[in-house]
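Each reported figure results from applying straightforward, stated rules to the coordinates on display, with no laboratory input. Keep in mind that what you see is a predicted model, and the values were worked out from it rather than measured. Note that we place each Cβ from the backbone using ideal geometry, even for glycine, and neighbour counts take in every protein chain shown.
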Amino acid sequence: MSVEQSFTKENLDFYLKELAKEFRKRNGRNTPAEIILVGGAAILINYGFREMTYDIDAVITASSAMKDAVNATGDRLGLANGWLNADFMSTSSYSPKLSQYSKYYRTYSNVLTIRTISAEYLVAMKLMSGRRYKKDLSDIIGILSEQEKMGEPLSYQQIDCAVNNLYGGWETISEYAVQVLKAAFNTENLTELFIEQAREETLSKQAVLQVQNDNVERVSESNIDAIIQKALNKKKMT
């Protein structure tokens, strides 16, 4: 996915509408399809703290014609290859149980049903991904904050249930992600914590990119936390 292509709630709705038209043209009106949007796309649809995302991750349940429809829509609208992709399904945050905990969003052209992930399960997925150099952890704080503002606050018990339902427990969730979640439940100012976490994520991303650009060492899952922590400690000393 090219980083130049950004998606907002408004243009995402437009692209999904065009995808539905393309799919219906290829498969007819009697062949339904379903897509579950996850990650940044699910946040765009359900919340207002994110203005955009650069990738549209999805669980796609449809005929093989959907791939052709996705490619054709992307070509026609000038989108990058894989603008809507199911690569997420090969990551640790995927669970085959996700469809059980999805919720209805909208149907386009009477054939394409779009669903998203319920709040506590979206938090659970972000915990599992837990990337310090992405928006995973600030997204958790943002979700908790907006749920509170909507008068539908999430409890730790709800999130614990979601983690157990999707992943069978907390064993594979990073200690850092758990610390962020605990901080979110203990703070009296989620907005301030969100800003602080987002700032740290920006610094973390810069640190990773700097190491990659300088070819100092190869960045991998085994050393990325150490690289980030070293950069953050250095920043605090300046």
Degrees between helix 224-237 axis and first principal axis of the chain (Cα, 0 to 90, nearest 10): 50
Options GLN229, TYR108, TYR47, ranked by Cα towards positive dipole end of the chain, top entry (Cβ charges): TYR108
All-pairs Cα distance distribution in the chain, expressed in whole percent, bin size 10 Å: 7, 29, 33, 22, 7, 1, 0
Backbone HN-Hα couplings from phi across the range 120-135 [Karplus 6.51/-1.76/1.60, Hz, Gly and Pro as x]: 5, 6, 5, 4, 4, 5, 5, 5, 5, 5, x, 7, 6, 9, 10, 9
The range 1-89: GluC sites (Glu not before Pro) falling in loop per DSSP and having at most 10 other Cβ within 10 Å: GLU4, GLU51
C-alpha long axis of helix 65-77 to longest principal axis of the chain, angle in °: 80
Cα gyration tensor, the range 1-93 - rounded (a/c under 1.5), prolate or oblate: prolate
Vicinal HN-Hα couplings computed from phi for the range 174-183 (Karplus, 6.51 cos²θ - 1.76 cosθ + 1.60; Hz; Gly/Pro x): 5, 4, 5, 4, 5, 4, 5, 4, 4, 4
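Quick one: net charge of SER99's neighbours, Cβ under 14 Å, K/R +1, D/E -1?
With Lys, Arg at +1 and Asp, Glu at -1, the net is +2.
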Where Cα atoms sit under 15 Å apart: lysine pairs in the range 70-215 separated by 8 or more or lying on different chains: 5
About the Cα centre, charge dipole magnitude for the range 125-193 (Lys/Arg +1, Asp/Glu -1 at Cβ), debye: 280
